[in-house]
Amino acid sequence: MSNQRRKPFQIEAFKHKVVLDPKYADKTWMILEHAIHEIYNHNASGLSFEELYRNAYNMVLHKYGEKLYSGLVTTMTSHLKEISKSVESAQGDAFLEELNRKWAEHNKALQMIRDILMYMDRTFVPSTHKIPVYDLGLNLWRDNVIHASSIQTRLLNTLLDLIQKERTGEVINRGLMRNIIKMLMDLGSSVYQEDFERSFLDVSANFYRVESQQFIECCDCGDYLKKAERRLNEEIERVSHYLDVKSEVKITKVVEKEMIANHMPRLVHMENSGLVNMLLDDKYEDLGRMYNLFRRVDNGLITVRDVMTSHIRETGKQLVTDPERVKDPVEFVQRLLDEKDKYDKIISLAFNNDKTFQNALNSSFEYFINLNARSPEFISLFVDDKLRKGLKGVSEEDVEVVLDKVMMLFRYLQEKDVFEKYYKQHLAKRLLSGKTVSDDAERSLIVKLKTECGYQFTSKLEGMFTDMKTSQDTIQGFYANHGAELGEGPTLVVQVLTTGSWPTQPSIPCNLPAELSLLCEKFRSYYLGTHTGRRLSWQTNMGTADIKATFSKGQKHELNVSTFQMCVLMLFNNTDRLSYREIEQATEIPAPELKRCLQSLACVKGKNVLRKEPMSKDIGENDDFLFNDKFSSKFYKVKIGTVVAQKESEPEKQETRQRVEEDRKPQIEAAVVRIMKSRKVLDHNNIIAEVTKQLQSRFLPNPVEIKKRIESLIEREFLERDGVDRKLYRYLA
């Protein structure tokens, strides 16, 4: 290899100056101008694009870019003026077709010219801040063709006329419309908006204003909504076929305003077909359509929801305050459940399970259920009916459905503690009479109540079930110990009830037959011998008995009666005739109970095992009673019920209400103490608010009663008033 150093490679300028032909620029431009004419005249096939590109390149290179650019503007303007005249001369339907054809030709020519002048586009145009060739061609088309005085208005009117025809059912050339609209969009969004869209929206608003007025005068609400929905879908489809996608929001807003928003009150209140009629007739499709259309406009769903709420509250109020409907508690509650099912279905199928509608439904039910002070009692009676007989033969799943519906109504109750009182009474009767359909169903409802209201709410109810189980074990132990000595006498079944768990009932005196009285004493001795520190009190008014009776011709029946009825019937073992006073003296049953007892034994057709003299429906103190030897029944077992109203009497209602009020007092006091213990100092209004919040899951405490309980706590030195501000309370540890 040679060690000789190489010289660096250099490029030097020409030694002599290059001199251009003075007419070079004119000659070159003439070549390019001729080429542009040929392109516009559809003779481009004979042109050498490579040579043309080189000529344009050289002009820019030799600083003739300005001449080239201005020449292009002049030449294109000249051609476009000719095109404008050609479009103007087109008549009728040919107008848009000619415009579309010329636009396509101009676009094609523009692409060729841009390719030839590519070097100018890349260098001269950016450096001089001029408009690029293609954009220049669009602007010149806009100014010389679209904005030509004889074309601009004509084009707009032609487009609007075609849309009007399409709206009235005629078929138009959508492909041509799409091309023309796209041309306006290609010329810039401002051209599309100013030259077409603004007028399109104004004309559309006027069209739908007139049409909606015509529709609403001749259609019912359902038909009107169908037409509005169809028009809305047509406009959305129109946009998808040939308008700018951004126009969809604008045109749908126009249709929504003119066809829906402007007529909302009239539509929902339309006579014989408005929202209320749709709700009454379960028109799910129409309701769904109304929901979907009204949700598009401001306050649309609020309007629907308010009318629905008002209707539900009004019909609910009529339901719970109608004297005829409240005569049957089971039917009363069933109607409530049917109403709830009805509107649940409407909200599910028509209102898309909208939470705001569900909340409105719940608040409406809570409002009118609590208008009737007896709603807690009626709901408990409904449960009682279902768990006694109404759910016989029903599957577990269906039982759960019924119980869940009951719980739904229970949640609406403001006085849940009143329901608890009645439920406890009804549950006690079911358990003691053995009339419950299913222990599982009973326990399932208690679990639901426990989940809803906590352990405290159901602890006593659960205690009742515990007592029933314990009583079975106790009676088995009693017969295991005394079975031999009892022999063939009466069989005793005892339920030992814990006083605190069961509803308190006054112990009604009653003289039991001698053989039963002896048996009861033996059980008392056995029980107290196995359980120290306890006391037994017999509740004969809650017991039942099965006795065997023999009538004429040796006909035998087993009578299922109450303990009181058994005491009366056993007296007739020794005599065939007794007066009312003799029976009263022998049994010592209180008069009201005895009269009901005798009425059921002597005055109920088919169950009259006694005869009364004189015969009448009511029991008098001078009546005589005889054993009805001629009694017969096709059943061997005959159940003789006690004549008693299903619902409480007025004094009983007052007594129950009084017990509820008494039970509330310690709960209010406990809540006040809990709050004050954590807050130490609190004013009167905040205590009322906090106590109400804590207790509303069981009942709504009366502010007057809260104030009384606070006074009581001050007296017992749990709280004290502030020395300065009398409305401020302090907790005393």
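Once the C-beta distance of residue 199 and residue 24 is scaled by a Förster radius of 56 Å, the resulting FRET efficiency is 0.65 to the nearest 0.05.
Say R0 is 45 Å: what FRET efficiency, to the nearest 0.05, do residue 366 and residue 582 get from their beta-carbon distance? Walk me through the numbers on the way to the answer.
Numbers: r = 56 Å, r/R0 = 1.24.
E between residue 366 and residue 582, to the nearest 0.05, is 0.20.
Full extension of the chain segment joining residue 129 with residue 528 gains 132.3 nm, where the gain is 0.36 nm per residue of separation less the Cα-Cα distance.
Here the convex hull built on the C-alpha positions of the stretch 479-634 has a volume of 142 cubic angstrom per residue.
P(r) tail for the stretch 336-418, what percent of Cα pairs lie past 16 Å?
Numbers: 1953 of 3403 pairs.
So the portion of pairs separated by more than 16 Å is 57 percent.
What whole-number distance in Å separates the alpha-carbon centres of the stretch 417-463 and the stretch 561-582? Each part reduced to its Cα centre gives a spacing of 36 Å. Cα centroid distance between the stretch 123-155 and the stretch 51-89, in Å? Centre-to-centre distance over Cα atoms comes out at 13 Å. Dividing the radius of gyration of the alpha carbons in the stretch 298-352 by their Kirkwood radius gives 1.08 for Rg/Rh. Sketch the reach of a paramagnetic label on residue 172 as a point 7 Å from Cα along Cα-to-Cβ, and name the residues of the stretch 218-252 whose backbone nitrogen lies under 15 Å away. The answer is 234-244, whose backbone nitrogens lie closer than 15 Å to the label point. At q = 0.15, 0.19, 0.24, 0.25 Å⁻¹ the log10 of I(q)/I(0) for the stretch 408-480 amounts to -0.55, -0.83, -1.19, -1.26, computed by Debye summation with a single uniform scatterer per C-alpha, solvent ignored.
What's the Kirkwood radius of the stretch 531-584 in Å, using all Cα pairs? Please report the intermediate quantities before stating the final value.
Working: mean 1/r = 0.0741 Å⁻¹.
That comes to 13.5 Å for the stretch 531-584.
In this calculation the C-beta distance from residue 636 to residue 394 is compared with R0 = 25 Å, giving a FRET efficiency of 0.35. I need the fraction of alpha carbon pairs in the stretch 604-733 separated by more than 22 Å, rounded to a whole percent. Of all Cα-Cα pairs in the stretch 604-733, 59 percent lie more than 22 Å apart. Accessible surface ranking for 439, 341, 1.4 angstrom probe, highest first: 439, 341. So which trypsin sites (Lys or Arg not before Pro) in the stretch 665-695 end up in coil per DSSP with only 14 or fewer other C-beta atoms within 10 Å? Answer in residue order: 680. Residue 389 contributes about 130 Å² of solvent-accessible surface, heavy atoms of the protein only, 1.4 Å probe. Each label point was placed 7 Å from the Cα along the Cα-to-Cβ direction; for residue 214 and residue 605 their separation is 7.0 nm. Heavy-atom accessible area with a 1.4 Å probe sorts 127, 697, 438, largest first, into 127, 697, 438. A viscosity of 1.567 mPa s and a temperature of 4 °C, combined with the Kirkwood radius over C-alpha pairs in the Stokes-Einstein formula, give the stretch 353-482 a diffusion coefficient of 80 µm²/s.
I'm checking a number: the convex hull volume of the Cα atoms of the stretch 226-299, normalised per residue, in Å³. What is it? Don't skip to the end; give the middle numbers.
Numbers: hull volume 6.1 nm³, N = 74.
Taking the convex hull of the Cα positions in the stretch 226-299, it is 82 Å³ per residue.
What is the extension gain from residue 324 to residue 717, computed as 0.36 nm multiplied by their sequence separation minus the C-alpha to C-alpha distance, in nm to one decimal? In short, 136.4 nm is gained. Extent of the stretch 439-509 along its three principal axes (Cα atoms, max minus min coordinate, largest first): 50, 30, 16 Å. The value of relative contact order for the chain, using C-alpha pairs under 8 Å at least six residues apart, is 6 percent.
Once Rh for the stretch 121-161 is found with the Kirkwood sum over Cα pairs, what is the Stokes-Einstein diffusion coefficient at 10 °C and 1.306 mPa s, in µm²/s?
Details: Rh = 11.9 Å.
Reported coefficient: 133 µm²/s.
Extension gain, residue 473 to residue 78, is 130.7 nm, computed as 0.36 nm per intervening residue step minus the present C-alpha separation. Across the chain, how large is the tail of the calculated P(r) beyond 48 Å, expressed as a percent of all Cα pairs? Of all Cα-Cα distances in the chain, 55 percent exceed 48 Å. With a simple spin-label model that places each label point 7 Å from the Cα along the Cα-to-Cβ direction, the separation between residue 335 and residue 517 comes to 5.1 nm.
For the stretch 38-126, the convex hull drawn through the C-alpha positions has a volume of 91 cubic angstrom per residue.
When the C-alpha to C-alpha distance is required to be over 24 Å, the pairs from 448/469; 227/355; 257/345; 342/460; 327/355; 102/130 that qualify are 227/355; 257/345; 342/460; 327/355; 102/130. Centre-to-centre, using Cα atoms only, the stretch 503-546 and the stretch 167-235 are separated by 88 Å. Let me test this: with uniform point scatterers at the alpha carbons of the stretch 426-555, what is the Debye-based log₁₀ I(q)/I(0) at q = 0.12 1/Å? Values returned for q = 0.12 Å⁻¹ are -0.59.
The values are calculated or read from the model by the stated rules, or taken from the named source; none is laboratory data. Just so it is clear, the model here is predicted, and its values are computed rather than measured. Glycine gets a Cβ as well: all are built from the backbone with ideal geometry, and neighbour counts include every protein chain shown. Ligands, DNA and RNA are excluded from the accessible area calculation, which covers all protein heavy atoms including side chains. Shrake-Rupley method; radii C 1.70, N 1.55, O 1.52, S 1.80 Å.
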